[in-house]
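Everything below concerns the one structure shown next.
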Amino acid sequence: IDVYKKGAIREATMAKYLIGMDFGTGGGKTCIIDENADVLAYSFQEYPIYVDHPGWSEHDAERYWKLACETIQDCVRKSGIVVGIGVSSAQPCLVMVDKETNPINRAYNLMDRRATNEVQWLRDNIGTDKIFEVSGNRIEDHPTMVNLMWEKNNRPEDFGRIWKALTIDGFVRL
C-alpha cells in the first residue's frame, strides 16, 4: 500500500483480506487471502520437536506466540491491511497454563505417547467404547485426558498449578 497516495488507506480498508494460521507438528504457517480466496502472502517457520524421553514429543509453547507474531508481521508486510484472523492447530495437542497464562511445561504434540500406562488403565477400567461414547475420542489417539492423567500421576505439583488445558490455537488466542 502506498500510504502517501491520496485515498490509499481508504481503498485498502475496503479490501477484505483475511489471515489464516495453522500450527502443525513441525511448524506454523500464516497466509493472507482476499475475498476470492487468492493467497496474497504466505509465511512458514519451523519449530523444534523435543524428544527427551522415549514416547515423549513436545514443543516449547512460548514459541507459538512468537511464531504467530512474526509470521503475521511478515504477511502483512507483503500484502497490506487485514480484517480477520482464523487459527487452527494439530490435534491432539496440549498446552497447560497457570493462572498467569504461562505454560507450565513444554506442550504435548500429537506424536507424544508417554501416557501408555494411563491408556491401559482406561482400557481395563472403563473400556474404549465407553471412552468414545462419552468423549468422542479414540483412546488410541492419546487425547488430552490421558495426558492430564499422566501429569497427575507423574508431576502432581505441576498438575496442581494447571488453570487451563488448551490446544495450541487456544493458547495463541489467550
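Values in this text are rule-based calculations from the coordinates and carry no lab data. Quick caveat, the model's predicted, so the values are computed rather than measured. Reconstructed Cβ throughout: ideal geometry from the backbone, glycine too, with neighbour counts over all protein chains shown.
See the values below:
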{"quantity": "Residues whose placed amide H lies under 5 Å from that of D98, excluding near-sequence neighbours", "calculated": "I104, W163"}
{"quantity": "Quarter of the Cα convex hull surface for the chain, i.e. its orientation-mean projected area (nm²)", "calculated": "12.3"}
{"quantity": "Amide H contacts of D112 (H built 1.01 Å from N, under 5 Å, at least 5 apart or other chain)", "calculated": "S57"}
{"quantity": "Rel. contact order, % - alpha carbon contacts under 8 angstrom, at least six apart, the range 10-95", "calculated": "37"}
{"quantity": "J(HN,Hα) series, the range 47-59, from Karplus relation 6.51 cos²θ - 1.76 cosθ + 1.60, nearest Hz, glycine and proline x", "calculated": "9, x, 9, 9, 10, 6, 9, x, x, 8, 7, 10, 10"}
{"quantity": "Per-bin percent of Cα-Cα distances, the range 85-141 [5 Å]", "calculated": "4, 15, 18, 21, 19, 13, 7, 2, 0"}
{"quantity": "The range 98-115 - phi-based ³J(HN,Hα) in whole Hz, Karplus 6.51/-1.76/1.60, Gly and Pro as x", "calculated": "8, 5, 8, 6, 8, x, 7, 9, 4, 7, 6, 10, 5, 8, 5, 9, 6, 8"}
{"quantity": "Size of charge dipole - the chain - debye, nearest 20, with Cβ of Lys, Arg +1 and Asp, Glu -1, no other charges", "calculated": "440"}
{"quantity": "For the range 75-157, size of Cβ-based charge dipole, Lys and Arg +1, Asp and Glu -1, in debye", "calculated": "400"}
{"quantity": "Note, ³J(HN,Hα) from phi for the range 164-173, Karplus 6.51, -1.76, 1.60, rounded to Hz, x at Gly and Pro", "calculated": "9, 10, 10, 7, 4, 5, x, 5, 5, 7"}
{"quantity": "Per-peptide average of other Cβ atoms within 10 Å, ordering 45-52, 165-172 highest first", "calculated": "165-172, 45-52"}
{"quantity": "Rounded to 10°, Cα long-axis angle of helix 62-79 versus longest principal axis of the chain", "calculated": "20"}
